[in-house]
Amino acid sequence: MTPNGGANLTSSAFLRACRQEPGARVPVWFMRQAGRSLPEYKEVRGSGTILNAIQDPDRATEITLQPVRRYGVDAAILFSDIVTPVFASGFGIDITPGVGPTCEQPFRTEADLGRFRPLDPDADLWFQSETVRSLVAELKVPLIGFAGGPFTLACYLIEGKPSKNWTTVKALMVGQPDLWHKLCHKLADLAIDTLTNQVTNGASAVQLFDSWAGALRPEHYREFVFPHSQRILSAMAGLGVPRIHFGINTGELLPQITAAGADVVGVDWRTTLQDARERTGGTVALQGNLDPALLLAPAKSLEDEVRRVLADNNGHPGHIFNLGHGVLPEVDPDQLLRVVELVHREGKADGARE
Ligand code: CP3
């Protein structure tokens, strides 16, 4: 089988930037590029929960392709969710529209560890394998596979719903460290299984979304999260695809996020790319870091901010233009198109200019 309609993706702008190769133009894609900001998503999304759409390979394929067609982004991201493998393992979790991931019975005790079934890819992830294969046959740009990081998934499982401060999570983490580590070990197993399945079926890169890890102070991150993320990312090292490691509010954690085993590190808008390059030791590519709220600003202000991000990168090879977090549902798709066109026109990665 020739994947990607025969396209040679090794030299794509996205994969070249992941490898920090000079000379390619700056690639761009957006976290949450598929979804509610697109009218065509609303048309095919259907009325069930998003987990129904994710388990329907035809619909999931179409939704993944929509932003690639509309914007001409340099990478696609599989339409799925970080809770998909948790759901597939039989631990009761759902995604409530307008709320986010919810568990009727949150994770609280040792007995709850028994609620995870080990994943059998053929039985539990068949829809994911099928979606990835159909995407890879059609796409001319790399497909990014992803999984949730241990802290972010534990947040939803323990709290039972989205929360501002994750207080129950932190209380369990420091109060019952053994139980915390056992839970994170299970979540890392799920991440390894789902990422391996996505890459085996043709995904060209993986992103570990530990979106909320920035809620922790660095010492807590080191003790409670780092070992689990490192285990996931080391397990990916042998698969030969770039590993992107992302969280928001992680300015203080960037050295550890890098050390956990990333080839590309996600940066949010609170940290400049110049600072991020210092904090990551210049060893990894950077992905980011436009503030997603600015997509709601007038076109001229938005364009100024896009140019500022490009100038902050200063022509350095190894920049993947993205937002510091996901696209908000109320964003006008024309604004995203404007960003893609500007980055493609003006983004250069031909070596630092100073
Ligand atoms: O285009 C893409 O980026 C791929 C699809 C994707 C989804 N979720 C689809 C989705 C990705 C990469 C995710 C990851 C995800 N899910 C994260 C990590 C990224 C981040 O934003 O920090 C997190 C924390 C979740 C958990 C989650 N799932 C939340 C907070 C929500 C929003 C709830 C709401 O309704 O506001 C979801 C639901 C969800 N996942 C939607 C989409 C398109 C919207 C719901 C829908 O269409 O019904």
Restricting attention to segment 129-142, does a residue exist that is buried (at least 16 other Cβ atoms within 10 Å of the Cβ) and within 23 Å of Val265 (Cβ to Cβ)? yes
Before we move on, is Asp304 in a helix (DSSP H, G or I) and either surrounded by fewer than 19 Cβ atoms within 10 Å (Cβ to Cβ) or touching a helix residue (DSSP H, G or I) at 6+ places or on another chain (Cβ under 6 Å) (or both)? yes
Provide a single number: the residues in segment 130-169 that are in contact (Cβ under 8 Å) with a residue 60 or more places away in the chain, part of a loop (DSSP other than H, G, I, E, B) and more than 28 Å from Pro27 (Cβ to Cβ). 2
Of all residues being more than 21 Å from Lys170 (Cα to Cα) and not hydrophobic (A, V, I, L, M, F, W, C) in segment 89-108, which is farthest from the ligand (Cβ to nearest atom)? Just the residue, please. Gly90
Among residues belonging to segment 1-43 that are among the basic types (Lys, Arg) and modelled with pLDDT under 95, point out the one that is farthest from Asp350 (Cα to Cα). Lys42
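The rows are residues; the columns are (1) part of a helix (DSSP H, G or I); (2) over 15 Å from Gly149 (Cβ atoms); (3) touching a residue at least 40 places away in the same chain (Cβ under 8 Å).
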site: Lys182; (1), (2), (3): yes, yes, yes
site: Ala188; (1), (2), (3): yes, no, yes
site: Leu195; (1), (2), (3): yes, no, yes
site: Met236; (1), (2), (3): yes, no, yes
site: Thr271; (1), (2), (3): no, yes, no
For residues that are near the ligand (Cβ under 9 Å from one of its atoms) and among the basic types (Lys, Arg), scanning just segment 33-69, find the one that is nearest to Asn201 (Cα to Cα). Arg45
Among (1) farther than 20 Å from Cys184 by Cα; (2) out of contact with any strand residue (DSSP E or B) (no Cβ under 6 Å at 6 or more places or on another chain), there is one condition Gly261 misses while meeting the rest; what is its number? (1)
Would you check if Thr258 is of a type in the set (S, T, N, Q), at pLDDT 95 or above, away from the ligand (no atom under 15 Å from the Cβ) and not in a helix (DSSP H, G or I)? no
Of all residues making up segment 105-140, the number that are over 26 Å from Pro177 (Cβ atoms) and of a type outside the set (Gly, Ala, Ser): 17
Residue check, Val327 outside any strand (DSSP E or B), among the β-branched types (Val, Ile, Thr), under 26 Å from Tyr41 (Cβ atoms) and touching a residue at least 60 places away in the same chain (Cβ under 8 Å): yes
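The values are calculated or read from the model by the stated rules, or taken from the named source; none is laboratory data. The structure displayed is predicted, hence computed values, not measured ones. As a convention, Cβ positions derive from the backbone with ideal geometry for all residues, glycine included, and neighbour counts pool all protein chains shown.
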